[in-house]
Each structure stands twice: as structure tokens, then as C-alpha cells.
Amino acid sequence: MKNGNTQKIEISTAGTEREEKVQQQDENNRNRRDKIACACECKKKYRDKDGSEYKDLIKRLNRIEGQIRGIRNMVEENRYCVDILTQVSAVSSALNAFNKVLLAEHIKSCVVEDIQSGQEEAVDELCALLQKLMK
């Protein structure tokens, strides 16, 4: 029994180390994004980080991230497959809701601004985006 407990502690520690590594990578990615708007320098669209829309998107992503961690824990704990699949379905729904909000904001701001400034290719870009989302 002690060996089993020791293994659980080691797995738990490994999980914590993985989470710390993921958090560090996320922070590094955020720092890179803050420095560069777009790798190709073709568009420089920035989101108001103080705005309620931005905060809503971040809250949604944090919630989804927590759900993903929960699913990973369920798999590690060898939980019942139906319970895991139910949680996966919930995450899929949450991601779809996130996509809808982000797409609506994109259309209302970026696409409208581009069309008003005479950039008709924004419509083609939007159509291509919709095709990707509707696979």
C-alpha cells in the first residue's frame, strides 16, 4: 500500500510541475504577443484590455481551461467514460460560445472598420473564416 501512496504523490507532484511549466509557457506567449501585433505586419488590430468584452473573453477562456484540467484529472483518476465524455461535450459547447462572441465582436469592429475604409477584401476574409468555423 505504501508504494501505491508514494506513486500517487509522485504523480501529483508531476502534475503540479506540468501545470507550472504550462503557466510559464502561457506567460511567455503573452509577453511575445504584447510585443508583436502580427508576425506579417499586415494588420494591427488591438483589443482594449480594459474593456468588458476583453474581460469576458478572458473569463470564458479561464473557465474552459479549468474544465480541460478537470477532464485531464478525470482521465488520470480513471473515471467513468460517460462522465468524461459529458465534460468534453461541455467544453465543446463552451468553445463554440466563445467563438460566437469573438466572431460577433470581430464583425462589429474589425470588419466594419475595414469595409468603411474601403478594404473590400475584409468580406473575403470573413467568408473564409466562416467556412473554417463551420466545418
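Where a number appears in this text, it was derived from the coordinates with a stated rule and is not lab data. Here the structure is a predicted model, which is why all the values come from computation and not from measurement. Positions of Cβ are generated from backbone atoms using ideal geometry, with glycine treated the same way; all protein chains shown enter the neighbour counts.
Taken together, the residues in segment 77-87 that are surrounded by 13 or more Cβ atoms within 10 Å (Cβ to Cβ) and touching a helix residue (DSSP H, G or I) at 6+ places or on another chain (Cβ under 8 Å) amount to 2.
Each row is one residue, and each column tells you yes or no for (1) without any contact (Cβ under 8 Å) to a residue 24 or more places away in the chain; (2) part of a loop (DSSP other than H, G, I, E, B); (3) of a type in the set (A, V, I, L, M, F, W, C).
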residue: Arg79; (1), (2), (3): yes, yes, no
residue: Val91; (1), (2), (3): no, no, yes
residue: Asn96; (1), (2), (3): yes, no, no
residue: Val101; (1), (2), (3): no, no, yes
residue: His106; (1), (2), (3): yes, no, no
residue: Gly118; (1), (2), (3): yes, yes, no
residue: Glu125; (1), (2), (3): yes, no, no
